[in-house]
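Asks: Got a structure for you, written out below as structure tokens; questions coming shortly.
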There are 2 protein chains.
Amino acid sequence: MFESAELGHRIDKTTYDTEVPRLREALLDAQFELAQQAKFPVIILIGGVDGAGKGETVNLLNEWMDPRHIEAHAMGEPSDEERERPRMWRFWRALPPKGKIGIFFGSWYTQPIVQHVLGNIKTSQLNQSIDRINRFEKMLTDEGALILKFWFHLSKDVQKKRLKTLEKDPKTRWRVTDTDWERFKLYDKFRKVSEHALRETSTAEAPWLVVEGTDFRYRSLTVGKILLDAIRKRLDSPAKAAPLKVAPLQAPIDQLDVLDVLNMSQKLSKKLYEAELEKYQGKLNLLTRDPKFCKMSVIALFEGSDAGGKGGAIRRITAALDARYYRIIPVAAPTEEERAQPYLWRFWRHIPRTGRVTIFDRSWYGRVLVERVEKFCSEADWMRAYSEINDFEEQLVDNNTVLVKFWLAITKEEQLRRFQEREKIGFKRFKITEEDWRNREKWDDYEHAVCDMVDRTSTEIAPWTLVEANDKYFARIKILKTLCQRIEAAMKQK
Amino acid sequence: MFESAELGHRIDKTTYDTEVPRLREALLDAQFELAQQAKFPVIILIGGVDGAGKGETVNLLNEWMDPRHIEAHAMGEPSDEERERPRMWRFWRALPPKGKIGIFFGSWYTQPIVQHVLGNIKTSQLNQSIDRINRFEKMLTDEGALILKFWFHLSKDVQKKRLKTLEKDPKTRWRVTDTDWERFKLYDKFRKVSEHALRETSTAEAPWLVVEGTDFRYRSLTVGKILLDAIRKRLDSPAKAAPLKVAPLQAPIDQLDVLDVLNMSQKLSKKLYEAELEKYQGKLNLLTRDPKFCKMSVIALFEGSDAGGKGGAIRRITAALDARYYRIIPVAAPTEEERAQPYLWRFWRHIPRTGRVTIFDRSWYGRVLVERVEKFCSEADWMRAYSEINDFEEQLVDNNTVLVKFWLAITKEEQLRRFQEREKIGFKRFKITEEDWRNREKWDDYEHAVCDMVDRTSTEIAPWTLVEANDKYFARIKILKTLCQRIEAAMKQK
């Protein structure tokens, strides 16, 4: 992959001086249109060999374009707030919104490549990281992002010369650190691993662009032209290249589905409920005060039919928790800042630190439930959401998050009863709206969506718990009990 | 102040059981209206003696109301991201948006009171903190926030008994730490200092509400009723109590003002400009790479007439910086999330960590410039902004931020020339809009606002630099030079 980048590409000064002014003007124009349209973000990754001009290129891009619409991120040591969350959290929080350019100096590639070169992770782990990166970048491009991945290359001899030259000049000496020389000793290994990673992640949507880093005029002009060309193309043909082809999901051919087999007549007496409530609330309280809990976190999410009893169930959980360490995120329409980001961004921003509990009242599953049924997004969008969600949840679980997902199921008759009751009772009247009645008409569509959701996202690491919720007492105890069991099981694995 | 809270207040079970259901329903109703209107946030501070029921009260409020619209914050040890910013940053980032309730367990009072009791800060420093708190809370209430400050009190004997009781029961033993007993030894001093702090911060807008903590029914009912009453009152009389009385600023009685005395004919030849540019960009680059720079940060803000040359000046600064460590914040209309917060919130969120440079292209001064002139806010709002801004900047400077403020002044004739030029040149055409022409008609109003701004916010710690910008070369060098001088001066103080 690096052969073309070792040929000694050079651009002479005259050509450079003629081309740059035109290029800059065109880049500024493109950038202005990008900001005006605000339809997609541009994500630029800068990777490669030390001394190959990575930093200079970032600075040059800022100089050539309007730096007010560029956000450059140096991904050095993570902060403590970052370390307590999944590895990708720091990248999610730094993603540029639509209309902006984000430059990542050091990206999601750095850690896996460097760790493998240093022998800290095995090939299988590297490959797993690569696989995840591909899925992540696929998600970004599906969401409309334009991704440009530049890899700055130097041959071994040239790198050595370059580091020595920098070291000789008192003005640039500071730029060569011991780490650079340490890394240079590993040049061959670094090259091999990088090539592997680049090959495996050079996809049609986000190919790697290897640039020879020796000559500053060559590399600058190359990067500038590629960038201009890519932004221009996307601006001029805003429609997504080809509509995603979606294979049909299994259509049900009988009446048997995961909801039908629930025994909806399960009940609990008030007396038993009160005893069990005390028992499991006490248990939950103890669990969250266990010293081991400081190393983990809990995310509980609630989906369910309207009037399924989510709010009441959530309150029975929070009553057992210390209000200082939990947060409830009621999920409603996304804000303007959230709409400028990929779909999952608004959930990533609420991922808890360790030792905390976050409860989502409705969640990222809105995509495959209400958004699917009400056609708020395209079929392709909700179809790809299943695997995006699975990827997301895998990262949470890898980060010691106990993820517990509840679907509160009630029968159509029970819903009617509750709607009518709500309309009668004063302080519950705000809980019933026109929309609830409208949704009810689509009962079967929702049921179908729920079954697909369970089939596709109930995984070993993050299973769905279907809760028979016609009886509130039964439902609440099942929820508390499940939550306790899941936390306990996770603690035992420590 | 604590006398009434040592009388042994008690509420019997019957009264409590009768009152609570009604109270809860009314609280839920009020909370629902609060969320629907989304016109003001409710900020609840919970302070007081250990063992007086602070934690229980936070939990109870979450139980009584809809916890989905409450955000409780335990302000323990700050994270590294928090430690690198002004002390109040962590509170700003946790402020509830309009329509929500934010509960602070441990607030901006904790640190000054505890540090003074422990003998780490002097009375004068405590008083300075108190003064700042008053100004901060005044700002919050002026912005419409409803602030409720609860102080839970126990007499010395009762606290001792309470801690012992908690310690005896194996279920509650964990709640009594060594720190609690250490603190108990300092009861008298703690009481004295708290009383002083409470007295000095019990204002008409945000009085302290001292609650006897002995009897849980008494303290719960008291807090619930006060909260209901306060929210209800604000919902029912949404108009601000009395319109702020605004004293007139000095009207100019001659033609001499800070802008008039500028020598606008100052120029620099291209040759001299290029030499100076190289010199000061080199110097700036060296300064930001100085090891001392890791302990400080820089905020440079640019205001100026339209077409004053802000963008060009900013680019000459950033060209000298490493793109990974600076950020430019172009200030435009606030987003939806920003509009739900106090005015300064959207600037606080961009305060840099140490070792970083943040450049604001337009800034918080919009309030006393465009918003004043165009009447986007009330006279009272921009009048109070002067001191709010001074308070804000004082906190930045206290946190080792070098704050450099530039006003780029051009003459009316020069502006006309630049506007006309922009309309002609292709890639500059987007820089000139109808609005620019409209603003130009209010030239005198803007000039007046600028002079008031300089008079009121050019302080010893954060002076304004007025830049004669008719000649771009002269302006850019003056800016670079000033920036270098200010950073150098700050470094020498280390």
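The values are calculated or read from the model by the stated rules, or taken from the named source; none is laboratory data. Quantities reported herein were computed from a predicted structural model and do not represent experimental measurements. FYI the Cβ positions are ideal-geometry reconstructions off the backbone, even for glycines, and counts take in every protein chain you see.
Asks: Examine segment B:327-347 for a residue that is more than 9 Å from every other protein chain (Cβ to nearest Cβ), among the charged types (D, E, K, R) and closer than 30 Å to B:VAL42 by Cβ, and state whether such a residue exists.
Replies: yes
Asks: Something else: Report yes if B:LYS271 is more than 12 Å from chain A (Cβ to nearest Cβ) and in a helix (DSSP H, G or I), otherwise no.
Replies: Values: more than 12 Å from chain A (Cβ to nearest Cβ): yes; in a helix (DSSP H, G or I): yes.
When the stated conditions are applied, B:LYS271 passes them.
Asks: Return the pair list, or none, for Cβ contacts closer than 6 Å from residues in segment B:324-346 that are assigned by TED's automatic domain parsing to the domain that holds B:TYR365 to residues that are of a type in the set (Lys, Arg), at least 6 apart or on different chains.
Replies: Listed by first residue and then by second, the contacts come to B:TYR325/B:ARG356; B:ILE328/A:ARG68; B:PRO330/A:ARG68; B:VAL331/B:ARG362; B:PRO334/B:ARG346; B:GLU338/B:ARG346; B:ALA340/B:LYS98.
Asks: From A:ALA275, A:ALA251, A:ALA247, which residue is at pLDDT 95 or above and farther than 30 Å from A:LEU27 by Cα? Walk me through it before giving the result.
Replies: Working: A:ALA251 fails: at pLDDT 95 or above; A:ALA247 fails: at pLDDT 95 or above.
The match here is A:ALA275.
Asks: Right, next: Taking segment B:285-310 as the search range and keeping residues that are within 11 Å of chain A (Cβ to nearest Cβ) and assigned to a helix (DSSP H, G or I), which one is surrounded by the fewest Cβ atoms within 10 Å (Cβ to Cβ)?
Replies: Among residues in segment B:285-310 that are within 11 Å of chain A (Cβ to nearest Cβ) and assigned to a helix (DSSP H, G or I), the one surrounded by the fewest Cβ atoms within 10 Å (Cβ to Cβ) is B:PRO291.
Asks: Which pairs turn up if I take residues in segment B:481-494 that are charged (D, E, K, R) and look for partners that are in a helix (DSSP H, G or I) with beta carbon separation below 8 Å, at least 6 apart in sequence or on another chain?
Replies: Final answer for the pair search is B:LYS481/B:GLU276; B:LYS481/B:TYR280; B:GLU488/B:LEU287; B:LYS494/B:LYS292; B:LYS494/B:LYS295.
Asks: Would you mind telling me which numbered condition in (1) at pLDDT below 95; (2) buried (at least 18 other Cβ atoms within 10 Å of the Cβ) B:GLU414 fails?
Replies: Exception for B:GLU414: condition (1).
Asks: Would you mind finding the one in B:GLU84, B:GLU137 that is acidic (Asp, Glu) and in contact with a Lys or Arg (Cβ under 7 Å, 6 or more places away or on another chain)? Spell out how you get there, then give the answer.
Replies: Details: B:GLU137 fails: in contact with a Lys or Arg (Cβ under 7 Å, 6 or more places away or on another chain).
Selected residue: B:GLU84, the only one of B:GLU84, B:GLU137 that is acidic (Asp, Glu) and in contact with a Lys or Arg (Cβ under 7 Å, 6 or more places away or on another chain).
Asks: Could you please let me know if B:LEU321 is away from chain A (no Cβ under 14 Å) and either surrounded by fewer than 19 Cβ atoms within 10 Å (Cβ to Cβ) or touching a residue at least 12 places away in the same chain (Cβ under 8 Å) (or both)? Lay out the reasoning, then the answer.
Replies: On the way: away from chain A (no Cβ under 14 Å): no; either surrounded by fewer than 19 Cβ atoms within 10 Å (Cβ to Cβ) or touching a residue at least 12 places away in the same chain (Cβ under 8 Å) (or both): yes.
For B:LEU321, the condition - away from chain A (no Cβ under 14 Å) and either surrounded by fewer than 19 Cβ atoms within 10 Å (Cβ to Cβ) or touching a residue at least 12 places away in the same chain (Cβ under 8 Å) (or both) - is not met.
Asks: Please name all residue pairs, on different chains or six or more residues apart, with Cβ atoms under 6 Å, provided the first residue is in segment A:58-82 and is of a type outside the set (Lys, Arg) and the second residue is assigned to a loop (DSSP other than H, G, I, E, B).
Replies: Pairs found: A:GLU63/B:ALA319; A:HIS69/A:LYS100; A:GLU71/A:PRO96; A:HIS73/A:ALA94; A:MET75/A:GLY106; A:ASP80/B:SER79; A:GLU81/B:SER79.
Asks: While we're on this one: Within segment A:425-439, does at least one residue satisfy the condition of being aliphatic (A, V, I, L, M) and more than 28 Å from A:GLU393 (Cα to Cα)? If you could, list the steps in order and put the result at the bottom.
Replies: Taking segment A:425-439 as the starting set, the residues that turn out to be aliphatic (A, V, I, L, M) are A:425, A:432.
Filter again for more than 28 Å from A:GLU393 (Cα to Cα), leaving A:425, A:432.
Taking every residue of segment A:425-439 in turn, at least one turns out to be aliphatic (A, V, I, L, M) and more than 28 Å from A:GLU393 (Cα to Cα).
Asks: Tally the residues that are assigned to a loop (DSSP other than H, G, I, E, B) and over 16 Å from B:MET88 (Cα atoms), restricting the search to segment B:351-377. Full working, then the answer.
Replies: If we filter segment B:351-377 for residues that are assigned to a loop (DSSP other than H, G, I, E, B), which is where we start, we get B:351-356, B:362-363, B:369, B:374-377.
Remaining after also requiring over 16 Å from B:MET88 (Cα atoms): B:355-356, B:362-363, B:369, B:374-377.
Residues meeting the conditions: 9.
Asks: Then there is this: In segment B:378-389, which residues are under 13 Å from B:PRO342 (Cα atoms) and either among the acidic types (Asp, Glu) or not in a helix (DSSP H, G or I) (or both)?
Replies: B:ASP381, B:GLU388
Asks: I'm trying to understand the selection: among the residues of segment B:344-382, which are more than 27 Å from B:GLY309 (Cβ to Cβ) and either among the acidic types (Asp, Glu) or crowded, with 20+ Cβ neighbours inside 10 Å (or both)?
Replies: B:TRP348, B:GLU379, B:ASP381
Asks: Any idea which of B:GLY144, B:GLY119 is loosely packed, with under 15 Cβ neighbours inside 10 Å, under 20 Å from B:TRP348 (Cβ atoms) and either not assigned by TED's automatic domain parsing to the domain that holds B:ALA380 or not acidic (Asp, Glu) (or both)? Spell out the reasoning first.
Replies: Values: B:GLY119 fails: under 20 Å from B:TRP348 (Cβ atoms).
Step by step, each of B:GLY144, B:GLY119 is checked, and only B:GLY144 is loosely packed, with under 15 Cβ neighbours inside 10 Å, under 20 Å from B:TRP348 (Cβ atoms) and either not assigned by TED's automatic domain parsing to the domain that holds B:ALA380 or not acidic (Asp, Glu) (or both).
Asks: Under 7 Å between Cβ atoms, which residue pairs at least 6 apart in sequence (or on different chains) link something in segment A:374-399 that is in contact (Cβ under 8 Å) with a residue 60 or more places away in the chain with a partner that is small (Gly, Ala, Ser) and buried (at least 18 other Cβ atoms within 10 Å of the Cβ)?
Replies: A:GLU393/A:ALA462; A:VAL397/A:ALA462
Asks: Now for a separate question. Go through (1) without any contact (Cβ under 8 Å) to a residue 40 or more places away in the chain; (2) under 27 Å from A:ILE130 (Cβ atoms); (3) among the basic types (Lys, Arg); (4) within 12 Å of chain B (Cβ to nearest Cβ) and name the single condition A:ARG367 misses.
Replies: Only one criterion in (1) without any contact (Cβ under 8 Å) to a residue 40 or more places away in the chain; (2) under 27 Å from A:ILE130 (Cβ atoms); (3) among the basic types (Lys, Arg); (4) within 12 Å of chain B (Cβ to nearest Cβ) is unmet by A:ARG367, namely (4).
Asks: Now, a different point. What number of residues within segment A:165-220 are acidic (Asp, Glu) and closer than 21 Å to A:GLU56 by Cβ?
Replies: If we filter segment A:165-220 for residues that are acidic (Asp, Glu), which is where we start, we get A:167, A:169, A:178, A:180, A:182, A:188, A:195, A:200, A:205, A:212, A:215.
Now drop any that are not closer than 21 Å to A:GLU56 by Cβ, which leaves A:167, A:169, A:180, A:212, A:215.
Qualifying residue count, segment A:165-220: 5.
Asks: Quick check: anything in segment A:415-425 closer than 26 Å to A:ILE299 by Cβ, in a helix (DSSP H, G or I) and in contact (Cβ under 8 Å) with a residue 12 or more places away in the chain? Steps first, please.
Replies: Going residue by residue through segment A:415-425, those that are closer than 26 Å to A:ILE299 by Cβ are none.
So far as segment A:415-425 goes, no, none of its residues is closer than 26 Å to A:ILE299 by Cβ, in a helix (DSSP H, G or I) and in contact (Cβ under 8 Å) with a residue 12 or more places away in the chain.
Asks: I would also like to ask the following. Tell me which residues, restricted to segment A:141-160, are farther than 17 Å from A:GLU200 by Cβ and assigned to a helix (DSSP H, G or I).
Replies: Listed by number, the residues that qualify are A:ASP142, A:LYS156, A:ASP157, A:VAL158, A:GLN159, A:LYS160.
Asks: Here is a follow-up. Can you work out which of the residues in segment B:200-238 that are among the small types (Gly, Ala, Ser) and surrounded by 20 or more Cβ atoms within 10 Å (Cβ to Cβ) is nearest to B:PHE2 (Cα to Cα)?
Replies: To start, the set of residues in segment B:200-238 that are among the small types (Gly, Ala, Ser) comprises B:202, B:204, B:206, B:213, B:220, B:224, B:230, B:237.
Imposing the further condition that a residue be surrounded by 20 or more Cβ atoms within 10 Å (Cβ to Cβ) reduces the set to B:206, B:213, B:220, B:224.
Numbers: B:ALA206: 18, B:GLY213: 11, B:SER220: 18, B:GLY224: 20 Å.
Within segment B:200-238, the match that is nearest to B:PHE2 (Cα to Cα) is B:GLY213.
Asks: So which helices (runs of 4 or more DSSP H) are wholly in segment A:1-119 and hold at least 3 residues that are touching a strand residue (DSSP E or B) at 6+ places or on another chain (Cβ under 7 Å) and within 11 Å of another protein chain (Cβ to nearest Cβ)? Steps first, please.
Replies: Numbers: elements: A:13-37, A:54-64, A:80-83, A:89-92, A:110-117.
Passing ranges, in order: A:54-64.
Asks: Residue by residue through segment B:311-350, note down the ones that are aromatic (Phe, Trp, Tyr) and either part of a loop (DSSP other than H, G, I, E, B) or at pLDDT below 95 (or both). Write out each step before concluding.
Replies: Just the residues of segment B:311-350 that are aromatic (Phe, Trp, Tyr), to begin with: B:325-326, B:343, B:345, B:347-348.
Listed by number, the residues that qualify are B:TYR325, B:TYR326, B:TYR343.
Asks: Then there is this: Could you grab the pairs with beta carbons closer than 6 Å, sequence gap of 6+ or different chains, first residue in segment B:209-229 and in the same structural domain as B:GLU25 (by TED's automatic domain parsing), second one among the hydroxyl-bearing types (Ser, Thr, Tyr)?
Replies: B:VAL211/B:THR222; B:ARG217/B:TYR16; B:VAL223/B:THR57
Asks: What single numbered condition from (1) more than 25 Å from B:MET1 (Cα to Cα); (2) without any contact (Cβ under 8 Å) to a residue 24 or more places away in the chain; (3) of a type outside the set (D, E, K, R) fails to hold for B:LEU166?
Replies: The failed condition is (2).
Asks: Here's something else I'd like to know. Consider B:TYR446 carefully, then state whether it is in contact with a Ser or Thr (Cβ under 9 Å, 6 or more places away or on another chain), within 30 Å of B:TRP92 (Cα to Cα) and among the hydroxyl-bearing types (Ser, Thr, Tyr). Spell out how you get there, then give the answer.
Replies: Values: in contact with a Ser or Thr (Cβ under 9 Å, 6 or more places away or on another chain): yes; within 30 Å of B:TRP92 (Cα to Cα): no; among the hydroxyl-bearing types (Ser, Thr, Tyr): yes.
No: the conditions fail for B:TYR446.
Asks: Here is a further query. In segment A:359-386, which residues are under 17 Å from the mean Cα position of the chain (by Cα) and within 27 Å of A:ILE479 (Cβ to Cβ)? Give the steps one after another, and end with the answer.
Replies: First, pick out the residues of segment A:359-386 that are under 17 Å from the mean Cα position of the chain (by Cα): A:360, A:363-368, A:381-386.
Correct list: A:PHE360, A:SER363, A:TRP364, A:TYR365, A:GLY366, A:ARG367, A:VAL368, A:TRP382, A:ALA385, A:TYR386.
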